[in-house]
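The values are calculated or read from the model by the stated rules, or taken from the named source; none is laboratory data. Please read these numbers as outputs of a predicted model, since none were measured by experiment. Here Cβ is always computed from backbone atoms with ideal geometry, including for glycine, and neighbour counts include all displayed protein chains. For accessibility, only protein heavy atoms count, side chains too; no ligands or nucleic acids. Shrake-Rupley method; radii C 1.70, N 1.55, O 1.52, S 1.80 Å.
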Amino acid sequence: MRKRMIAGNWKMNKTYGEGVELAQGLADELKDGTGDVDVVVCPPAVDLKGVAEVIEQTQAPFGLGAQNVYYEESGAYTGETAPNMLEAVGADYCIIGHSERRGYFGETDEDVNKKAKVLMAHGIVPISCCGESLEVREAGKHVEFVVDQIKKDTEGLEITDPSKYVIAYEPIWAIGTGKTATADDAQEVIGAIRATLVEIFGKETADGIRILYGGSAKPNNVAGFLEKEDVDGALVGGASLKADSFAAMVKAAM
Ligand code: 13P
């Protein structure tokens, strides 16, 4: 069955030295292992190498993820990071389509789809984000909106190993606001995502794809989400910035 996943998105926090320190703290907190839970940290791009070194030196039980990638292989794309650059510093995962990238930087479903394809071609696991705004939720159109995102974001993907494609449902109104969706809210949308994946990829593949919840997930509420049938883990922002709180969430998932 699906292995749970707890992933930390550090967003634009932690300088190189601070990132190394946080990774060391987390390696220490998790030194007894993470049981059956896949743990991932996603530092800013310039911290990736430093965190990779900590993982290697301490044999830390967590994987490394980036927060973004560009879909071209190389060339005149000032400021962007190519997939083989992520591969070369040891990134196993990459977040794509985060609502902050969609909202502030104009990332579209078409971009997200291209990024997923290029990452998969490089053996990097996409953590593909979706989620509705407050306006869409208040209009009662959240399920329809997210299902449409999923259809566009997964168009033409060939998923041979479903453990290597991850989705994160992050309702925008719950990100960094302290307003969490309830576990039932998360299950409603995540269940609809799973049903959409069944339509697209068939049941066997859909049953193997992890779908995470994100949005003010904390040590004291994560267990409630994980009890739900289709919720396979959490994508954590604020609470991933301290080793003890992030480790507590991993332990709650074990
Ligand atoms: P918070 O956990 O800070 O609400 O952030 C969620 C998120 O956006 C993770 O990608």
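Under 16 Å Cα to Cα from LYS115, which lysines show up? Leave out anything in the same chain fewer than 8 places away.
Straight-distance partners of LYS115: LYS151, LYS152, LYS164.
If packing is taken as the average count of other Cβ atoms within 10 Å, what order do 227-239, 46-58, 12-24 fall into, highest mean first?
Ranking, from highest mean packing down: 227-239, 46-58, 12-24.
Classify the range 90-156: rounded, prolate or oblate, from the alpha-carbon gyration tensor (a ≥ b ≥ c, eigenvalue square roots; a/c under 1.5 rounded; otherwise prolate if a/b is larger than b/c)? Intermediate values should be presented prior to the final figure.
Values: a/c = 2.52, a/b = 1.93, b/c = 1.30.
Prolate, since a/c reaches 1.5 and a/b exceeds b/c.
Does the range 166-254 come out rounded, prolate or oblate by the C-alpha gyration tensor, with a ≥ b ≥ c the root eigenvalues, rounded set by a/c under 1.5 and, if not, prolate when a/b is larger than b/c and oblate if not?
It comes out prolate by the Cα gyration axes.
What translational diffusion coefficient, to the nearest whole µm²/s, does the range 72-120 have by Stokes-Einstein, given a Kirkwood radius computed over alpha-carbon pairs, a temperature of 20 °C and 1.002 mPa s viscosity?
Answer, rounded: 184 µm²/s.
Indicate the gyration tensor shape class of the range 1-46 (rounded, prolate or oblate), computed on the Cα atoms with a ≥ b ≥ c the square roots of the eigenvalues: a/c under 1.5 is rounded; otherwise a/b larger than b/c is prolate and the rest oblate.
oblate
Report the residue, chosen from PHE62, PHE145, PHE225, that carries the largest GNM mean-square fluctuation when the chain is represented by alpha-carbon nodes joined by springs under 10 Å.
Its mean-square fluctuation being the largest, the pick is PHE145.
Per q in 0.11, 0.20, 0.22 Å⁻¹, report the Debye log10 I(q)/I(0) for the range 1-118, using one uniform scatterer on each alpha carbon and no solvent.
-0.38, -1.13, -1.28
Which of the lysines could a cross-linker span from LYS49 if the Cα-Cα distance has to be under 19 Å and same-chain partners fewer than 8 positions apart are dropped?
LYS11, LYS14
Jot down the per residue volume, in cubic angstrom and as a whole number, of the convex hull over the alpha-carbon atoms of the range 72-224.
For the range 72-224, the hull spanned by Cα atoms encloses 125 Å³ per residue.
Please compute the net charge surrounding PRO219, taking Lys and Arg as +1 and Asp and Glu as -1 over other residues with Cβ under 13 Å from its Cβ.
+1
Which of the aspartates and glutamates could a cross-linker bridge to LYS179, judged by Cα under 13 Å and excluding same-chain residues fewer than eight apart?
Leaving aside aspartates and glutamates fewer than 8 places away in the same chain, those within reach of LYS179 are GLU170.
For the chain, with all protein chains present and a 1.4 Å probe, just round the carbon and sulfur fraction of the accessible area to a whole percent.
Of all accessible area on the chain, carbon and sulfur atoms account for 49 percent.
When the dipole is taken about the Cα centre of the chain, and only Lys, Arg (+1) and Asp, Glu (-1) are charged at their Cβ, what size is it in debye, to the nearest 20?
280
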